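Note sheet for the following structure.
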Amino acid sequence: QVQIVESGGGLVQPGGSLRLSCVASGSVFSIYASGWYRQAPGKQRDLVATITQWGSTTYANAVKGRFTISRDAAKNTVYLQMNNLKPEDTAVYYCNLPAAPVDWGQGTQVTVSS
């Protein structure tokens with residue numbers, strides 16, 4: 001079973017930046033589309049960005065123009081560059097495979113606050 005580990009979260013002021021990383025135990029990111037999700041307290045988990053195995057990307061309206069998803073298939077890693085962060089971006093961020101979900105990782109906490 002593929003295992004996923006997210007990292008890179010932290011506390012940042014509004015307008016700041018973070019880069020999240022997601023490492024998989026197998027070469028799944030070259031086979032399947034991957035995505036970053038986030039879940040704020042008391043809310044459902046939402047998909048915020050995806051990248052296909054061919055490199056095409058999509059974004060939720062709330063993050064479009066501020067977040068960039070990318071991947072390094074050779075390193076089995078997907079990244080989420082987050083710029084101009086807002087307090088409403090505060091959430092636990094997860095990655096997974098939208099079309100072939102694996103067990104969720106522990107996620108990485110992102111807190112945007114002054």
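The table below gives the values:
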item	result
Some residue of segment 21-34 being of a type in the set (S, T, N, Q), open to solvent by less than 30 Å² (accessible area, probe 1.4 Å) and closer than 26 Å to Ser113 by Cα	yes
Pair list, Cβ under 8 Å, 6 or more apart: segment 56-78 residue at positive phi and surrounded by 15 or more Cβ atoms within 10 Å (Cβ to Cβ), other residue modelled with pLDDT under 95 and among the aliphatic types (A, V, I, L, M)	Asn76/Ala24; Asn76/Val28
Considering residues of segment 37-47 that are assigned to a strand (DSSP E or B) and farther than 16 Å from Lys86 by Cβ only, the residue nearest to the chain's Cα centre (by Cα)	Tyr37
Of the criteria (1) in contact with an Asp or Glu (Cβ under 8 Å, 6 or more places away or on another chain); (2) among the aromatic types (Phe, Trp, Tyr); (3) assigned to a loop (DSSP other than H, G, I, E, B), which one Tyr32 fails	(1)
Residue ID - surrounded by the fewest Cβ atoms within 10 Å (Cβ to Cβ), chosen from residues in segment 79-113 that are of a type in the set (Gly, Ala, Ser) and in contact with an Asp or Glu (Cβ under 6 Å, 6 or more places away or on another chain)	Gly105
From the options Leu97, Leu47, residue that is of a type in the set (A, V, I, L, M, F, W, C) and modelled with pLDDT of 95 or more	Leu47
Residue satisfying all of: in segment 1-16; over 17 Å from Val102 (Cα atoms) and open to solvent by less than 60 Å² (accessible area, probe 1.4 Å); farthest from the chain's Cα centre (by Cα) among these	Gly15
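The values are calculated or read from the model by the stated rules, or taken from the named source; none is laboratory data. Remember, it's a predicted structure, so these values are computed and weren't measured experimentally. Ideal geometry is used to build each Cβ from the backbone, glycine not excepted, and the neighbour counts take in all protein chains shown. Note: accessible area is taken over every heavy atom of the protein model, side chains too, but ligands, DNA and RNA are not part of it. Shrake-Rupley method; radii C 1.70, N 1.55, O 1.52, S 1.80 Å.
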